[in-house]
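S.K.: Okay, here's the structure, questions in a sec.
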């Protein structure tokens, strides 16, 4: 027997959502702990055996073949999760969790520049949908539990449970928070984080942001800062989408696209003569908080490595690479605008991903969880401005839009991907007279 709506209210509904959220959070926390453990081992192995990077094209060929053969139902990734939440589509295949986990670990093992949030979100969503279907949940109950899975995955993989909860509610529809899923998302994110930590995972510590009072001059600096952040974000989104679109058009087979992408990453690696831009790049992110000698072009190099890796079809996410881009760009901007390095890097770290994913609230909260309360007013200002300046772009083209960023209501909800496609269409020519 299925349940499409929950007629109960008050304490009964609260108990239900706490229970369901805890179950989903436990599954997400366990999956994230396993993922982070394997990712750490893969990264350490690559760093001590750098010759393995030369085999990235062959690894891409193998991963692509596996995904082409068995991964077609899950090829949409995070966009499939968003579509399923909105359209009440078929059950997300449980195979999504192990396949995306293994694919991402292999991407990092061989040197691809990718993140981890995409993996955590997809694992959380597929596990929560498995729970929904085993319990016969449908309609709004299923959608709310899917949002909880997203929150549990995001919060547990980064150790930021409050940001994880808000991200699970904010990233589905641009400019709108799905409050109906608030309780299960919060519970899943909190429980997921507790489980991950209990299983021995230690997250990267970041320096606390210094205290700096807001002044008119500082507000002007943050406005310039936000413009630079928005430009970098737009460059990443447009380049990644362009490479993916051109790759699919010119090289239809996924294994071959990943092989070519792997070759390009290896060539970039040798051309720049450093391994700083492979994998997650966490050491450079931490370095951005205190090193005034960090190359000013570091953000652009990481942006290029990541766009090529993800555009070719390798598995992973965008968060940590965009943290790298934001922190490195923030470091350079802090030096140019006479801002504290730790504050500039911290604000940049959050703002690039906030603009790229259209989640300014979640990333402002995430910055506070990672860097302390001093960063909060500054990061909110930059995240919101960068979010607005980036326009109707996203690393998740399936995000729905009901109100434009200028406040105009659309006649009907549309995806950002469809909106971009319509904007790119040429205007019809006037009829000849």
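The values are calculated or read from the model by the stated rules, or taken from the named source; none is laboratory data. The structure displayed is predicted, hence computed values, not measured ones. A quick note on method: Cβ atoms are made from the backbone with ideal geometry, for glycine too, and the neighbour counts reach across all protein chains shown.
S.K.: Scan the range 309-325 and report the pairs whose first residue is in contact (Cβ under 8 Å) with a residue 40 or more places away in the chain and outside the structural domain of residue 263 (by TED's automatic domain parsing) and whose second residue is assigned to a helix (DSSP H, G or I) and crowded, with 24+ Cβ neighbours inside 10 Å, with Cβ atoms within less than 8 Å and a gap of 6+ or a chain change.
M.R.: Correct list of pairs: empty, since none qualify.
S.K.: So which of 76, 112 is part of a loop (DSSP other than H, G, I, E, B), crowded, with 21+ Cβ neighbours inside 10 Å and in contact (Cβ under 8 Å) with a residue 12 or more places away in the chain?
M.R.: Values: 76 fails: crowded, with 21+ Cβ neighbours inside 10 Å.
Answer to the selection: 112.
S.K.: Then there is this: Output the number of residues of the range 361-406 satisfying the condition of being without any contact (Cβ under 8 Å) to a residue 60 or more places away in the chain, closer than 20 Å to residue 82 by Cα and surrounded by fewer than 24 Cβ atoms within 10 Å (Cβ to Cβ).
M.R.: 1
S.K.: Check 385, 363, 389 and return the single one that is modelled with pLDDT of 95 or more and under 16 Å from residue 158 (Cα atoms). Step through it out loud before you land on a result.
M.R.: Numbers: 385 fails: under 16 Å from residue 158 (Cα atoms); 389 fails: under 16 Å from residue 158 (Cα atoms).
Criteria check complete, one pass: 363.
S.K.: Which of the following residues is over 18 Å from the mean Cα position of the chain (by Cα), modelled with pLDDT of 90 or more and not assigned by TED's automatic domain parsing to the domain that holds residue 177: 401, 341, 349? First the steps, then the outcome.
M.R.: On the way: 401 fails: modelled with pLDDT of 90 or more; 349 fails: over 18 Å from the mean Cα position of the chain (by Cα).
From the options 401, 341, 349, the qualifying one is 341.
S.K.: Only helices (runs of 4 or more DSSP H) wholly contained in the range 270-365 count here; list those with 3 or more residues that are touching a helix residue (DSSP H, G or I) at 6+ places or on another chain (Cβ under 6 Å).
M.R.: Numbers: elements: 282-287, 298-312, 319-337, 341-357.
Those helices (runs of 4 or more DSSP H) span 298-312, 319-337, 341-357.
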